[in-house]
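Read the figures in this text as sums done on the coordinates, not as results from a lab. Everything numeric in this text was worked out from a predicted model, so none of it was measured. Backbone-built Cβ (ideal geometry, glycine too); neighbour counts: all protein chains shown.
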Amino acid sequence: MESVARIVCRDLGTAWQAVNLEVGFDKRLEPAEAQRLLLLEDKMLSLSFEISVLEVRGGLNLAVPIAVSHALLRKMSEELSDRRPRGRSDWLDRLKLRLLECPFSVELGVNGLSAPVGALSHLAPGQLLSLGKGVSEPASVVVAGVEMFHAAPARAGDTRAAQLLAFGELREAARSGIPLIKERKK
């Protein structure tokens, strides 16, 4: 495990060169020894990691003075802002295009349906089950778990389809910019 700690220290040293910090591995400190290195009034950032290498597992705890972590974060944010293009760029357009190609699960369903267990237990292929809702009542189009549209079941050639009738509440709120907080029914 000591060799892993040396690798981690070497990589931390490389990463933190930007803020003129040196990181080195000397030995593992017992809690009493570590307390002597740090002042009680100093605020610390504590990071705990679990490391697994093949069959060996161990923990790595890093204690970093807050002043050091702030300096590192400032340096990282400066470097990030230098690399990020100012204003609207084609990276946003590329991101939108990539999102348009992402698959999302889509469901067409009717909310609030119920049927007696007795009727369900006697169902057989070819039988019809009356669900107690009119065919003219719209169904919900749910995309990735969020109701986006109200629709009617339809057909496009030999495939099933949904004819969109209206936007769902969340979609309409998003289009208008009005926040909608709705408690989910369980």
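Subtracting the Cα-Cα distance from 0.36 nm times the residue separation, let me have the gained length for ALA144 to LEU108 in nm, one decimal.
11.8 nm
Where does each of LEU128, LEU60, LEU97 land when they are ranked from fewest to most other beta-carbon atoms within 10 angstrom?
So the residues, fewest neighbours to most, are LEU128, LEU97, LEU60.
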_For a quick check of your reading of the filter: which trypsin sites (Lys or Arg not before Pro) in region 1-81 sit in a DSSP loop and have no more than 12 other Cβ atoms within 10 Å?_
LYS27, ARG28, LYS43
_Likely footprinting exposure, GLU101, GLU137, fewest C-beta neighbours within 10 Å first_ = GLU101, GLU137
*Return the long-range amide H neighbours of PHE167 (sequence gap of 5 or more, or a different chain), with a cut-off of under 5 Å between placed amide H atoms.*
HIS150
*For the residues ILE51, ILE66, what sequence is obtained by ranking on other C-beta atoms within 10 Å, fewest first?*
ILE66, ILE51
*asked:* Multiplying the sequence separation of ASP26 and VAL8 by 0.36 nm and subtracting their Cα-Cα distance, what value in nm do you get?
replied: 5.2 nm
*Compactness ratio of region 2-83: Cα Rg over 2.2 N^0.38 Å, N = residue count?*
1.24
